[in-house]
1. Within the bounds of the range 97-107, is there any residue that is more than 16 Å from the chain's Cα centre (by Cα), away from ligand 2 (no atom under 16 Å from the Cβ) and farther than 30 Å from Ser14 by Cβ?
2. Return the total of residues in the range 81-105 being within 15 Å of ligand 1 (Cβ to nearest atom) and within 23 Å of Val32 (Cα to Cα).
3. Select from the range 5-29 the residues that are surrounded by 12 or more Cβ atoms within 10 Å (Cβ to Cβ), in contact with a Gly (Cβ under 7 Å, 6 or more places away or on another chain) and at pLDDT 90 or above and list them in ascending order.
4. Could you grab me the full set of residues in the range 8-34 that are over 15 Å from the mean Cα position of the chain (by Cα) and not in a loop (DSSP other than H, G, I, E, B)?
5. Could you pull out the residue among Ala126, Ala83 that is surrounded by fewer than 18 Cβ atoms within 10 Å (Cβ to Cβ), more than 10 Å from ligand 2 (Cβ to nearest atom) and not in a loop (DSSP other than H, G, I, E, B)?
6. Quick check on this structure: which one of Ile34, Ile46 is in contact with a Phe, Trp or Tyr (Cβ under 7 Å, 6 or more places away or on another chain), under 24 Å from Asp7 (Cβ atoms), in contact (Cβ under 8 Å) with a residue 40 or more places away in the chain and more than 16 Å from ligand 2 (Cβ to nearest atom)?
7. Going through the range 88-132 one residue at a time, which ones are in contact (Cβ under 8 Å) with a residue 40 or more places away in the chain and on the phi > 0 side of the Ramachandran plot?
8. For the range 39-49, indicate whether the set of residues that are outside any helix (DSSP H, G or I), at pLDDT 90 or above and small (Gly, Ala, Ser) is non-empty.
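The values are calculated or read from the model by the stated rules, or taken from the named source; none is laboratory data. Since the structure is predicted, the reported quantities are computational estimates derived from the model, not experimental observations. Heads up, the Cβs are rebuilt from the backbone with ideal geometry, glycines too, and the neighbour counts pull from every protein chain shown.
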Amino acid sequence: MKALIADHVNKKLSLEEREEIPSIKEQDDVIVRIVCAGVCGTDISILHGKFPGKHGIVNGHEAIGDVIKVGDNVTTLQVGDRAVLQPNLFCDDCENCVKYKGINSTHCKNWSTFGIHFDGAMAEYAKFKAKV
Ligand SMILES: [Zn+2]
Ligand SMILES: [Zn+2]
């Protein structure tokens, strides 16, 4: 599949071939066919070294996709659903998650985000997590 890769060294996005379709590895994984993905100001800031992000991953953290596969523990989504992807992963256990429960997951002390810390949405297919 084609994917836009964040190249922080050269400060650009590059269109590359990546694995065909991501696979279910953990039972709360959800595989989606990306319908659309937006370019966020954060994406630009990462490319220009003004916001920390991982080099060489699939860019993009704001997207809509059609669900094509779900892990065995996923009960909130099924194949064929159209989903808005919530990119922030949070632990629900740290002090900030307890304090800000349901308000702002970016305050999590164990926070991570698709397309910033690991492969994101600017590809034909992407793997996300369902809250199970
Ligand atoms: Zn954003
Ligand atoms: Zn947390």
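1. Taking the range 97-107 first, the residues more than 16 Å from the chain's Cα centre (by Cα) are 97-104, 107.
Then keep just the ones that are away from ligand 2 (no atom under 16 Å from the Cβ); that gives none.
Looking for residues that are more than 16 Å from the chain's Cα centre (by Cα), away from ligand 2 (no atom under 16 Å from the Cβ) and farther than 30 Å from Ser14 by Cβ, one finds none in the range 97-107, hence no.
2. Start the filter on the range 81-105 by keeping residues that are within 15 Å of ligand 1 (Cβ to nearest atom), which leaves 84-89, 104-105.
Retained after the next criterion (residues that are within 23 Å of Val32 (Cα to Cα)): 84-89, 105.
Counting residues in the range 81-105 that are within 15 Å of ligand 1 (Cβ to nearest atom) and within 23 Å of Val32 (Cα to Cα) gives 7.
3. Ile5, Ile24, Gln27, Asp28, Asp29
4. Once the filter is applied, which keeps residues that are over 15 Å from the mean Cα position of the chain (by Cα) and not in a loop (DSSP other than H, G, I, E, B), the range 8-34 yields Lys12, Leu13, Ser14, Leu15, Glu16, Glu17.
5. Ala83
6. Checking each option against the conditions leaves just Ile34.
7. Residues of the range 88-132 that are in contact (Cβ under 8 Å) with a residue 40 or more places away in the chain, as a first pass: 89, 113-132.
Of everything in the range 88-132, just one residue is in contact (Cβ under 8 Å) with a residue 40 or more places away in the chain and on the phi > 0 side of the Ramachandran plot, namely Gly115.
8. no
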